[in-house]
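The values are calculated or read from the model by the stated rules, or taken from the named source; none is laboratory data. The structure displayed is predicted, hence computed values, not measured ones. Glycine also receives a Cβ, built like all others from the backbone with ideal geometry; neighbour counts cover every protein chain displayed.
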Amino acid sequence: MAEVSAMAFRWTGDCLLLLDQRKLPHEEVWVACKTAEEVAEAIRSMVTRGAPLIGITAAFGVVLAAQQAKQKGSSIQTELEHASQVLLAARPTAVNLSWAVNRMMSVAREITDLSLDDFVARLEDEAIAIYREDCEANLCIGENGAALLPENCQVLTHCNTGALAVSDLGTALGVIKTAYRQGKVRFVWVDETRPFLQGSRLTAWELMKEGIPFKIIVDGAAAWVMRKGLVDAVIVGADRITRNGDVANKIGTYMLAVLAKNHGIPFYVAAPTSTIDISLPSGEHIPIEERDENEVLGWHGVRVAPENAHAFNPSFDVTPSELVTAIITEKGVASPPYQESIARLMQGE
């Protein structure tokens, strides 16, 4: 059994340890998962988050299901089929989840002639391969994105797209980190990202660790800092990108894209190609997760809204492709018209 360690997760060979991102930045607590069901619950309850990391986490969840089946002496294929459905149901919008689970299940269906030990080991190898591929993708996304930014720029970002959301460097935040190390980025505006505060809790935490200058702003302040000429580029991540370049990302992203367009500011999306879902023609077909209204009505168990008030809490929105300046991937940068440029990227041209 191999071991893998990253900022947000650790694989010990028979247990997946997940950094509980609900507790950050005040506590660093690790949650141990030994079954696919526990992994699915960790994804569903936001212990772990970020589209690429959800995919990696789910891949190890499939490995845990195989290990459990081996220990119980039950049908490994039956257990894996059940586990895959449990994992797929955890969160609907991030396509990396289904991409990783389907990749793991494709391997499982092809290696039925192996011994149980070799079967489990082969699945573990595949999960580790998914992790390592994402590490490489992060580095390439960082370099490809940094090349687009002007010197001495100020950038605005939304949600958390750094090492807490992926295997290593990050996607949008990976671009920012890379550009900062190159001397291109001098300052970062961090949207707080209501209602789960991924920006003020998580992105700020990562930027402090990197020593990158930043300030947190409420989501509603983005228009004003753009109007004041304090933003040279907006960089966000993605949970799903469709064939035509429409982008599903954390709620509030669409608003930023509209504002950026109005102020003549480039709006960049950074994501691995595993986030591109070419089976969907447009964003109208993306399932949008709606979460518990209490995430909006209060915080950390303290209610801030009046009793009997209700809330609408979509976790994501869809930004139309015409508002996106470029999509930055590990294979290169896609530009309008996206139907053609995305197709070329996915074909490896």
If the Cβ limit is 6 Å and pairs must be 6+ apart or interchain, which residue in the stretch 205-228 that is over 18 Å from residue 7 (Cβ atoms) and in contact (Cβ under 8 Å) with a residue 12 or more places away in the chain pairs with which residue that is aromatic (Phe, Trp, Tyr) and not in a helix (DSSP H, G or I)?
-> 213/187; 217/189; 225/189
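Looking at 260, 248, can you tell me which residue is surrounded by 19 or more Cβ atoms within 10 Å (Cβ to Cβ) and in a helix (DSSP H, G or I)?
260
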Give the residues of the stretch 143-162 that are crowded, with 24+ Cβ neighbours inside 10 Å and farther than 14 Å from residue 253 by Cβ, sorted by residue number.
-> 145, 155, 162
The residue from 56, 43 that alone is at pLDDT 95 or above, assigned to a helix (DSSP H, G or I), touching a Phe, Trp or Tyr at 6+ places or on another chain (Cβ under 6 Å) and under 24 Å from residue 197 (Cα atoms) is 56
Under 20 Å from residue 24 (Cβ atoms), in contact (Cβ under 8 Å) with a residue 24 or more places away in the chain, surrounded by fewer than 21 Cβ atoms within 10 Å (Cβ to Cβ) and of a type in the set (Asp, Glu): does that describe residue 168?
-> yes
If you go through the stretch 104-123 one residue at a time, do you hit one that is under 19 Å from residue 161 (Cβ atoms) and modelled with pLDDT of 95 or more?
-> no
Considering only residues that are without any contact (Cβ under 8 Å) to a residue 12 or more places away in the chain and not charged (D, E, K, R), look in the stretch 17-44 and name the one that is farthest from residue 76 (Cα to Cα).
-> 26
What pairs can you find where one residue is in the stretch 325-349 and in the same structural domain as residue 246 (by TED's automatic domain parsing) and at pLDDT 95 or above, the other is outside any loop (DSSP other than H, G, I, E, B) and among the aromatic types (Phe, Trp, Tyr), and their Cβ atoms are less than 8 Å apart, with a gap of 6+ or different chains?
-> 325/267; 325/268; 326/268; 327/268; 327/338; 328/268
Given the conditions (1) part of a strand (DSSP E or B); (2) in contact with a Pro (Cβ under 9 Å, 6 or more places away or on another chain), report the number of the one that residue 216 does not fulfil.
-> (2)
Find all pairs meeting these conditions: Cβ atoms under 9 angstrom apart; at least six residues apart or on different chains; first residue within the stretch 248-273 and closer than 25 Å to residue 346 by Cα; second residue aromatic (Phe, Trp, Tyr).
-> 248/316; 249/316; 250/196; 250/316; 253/316; 257/267
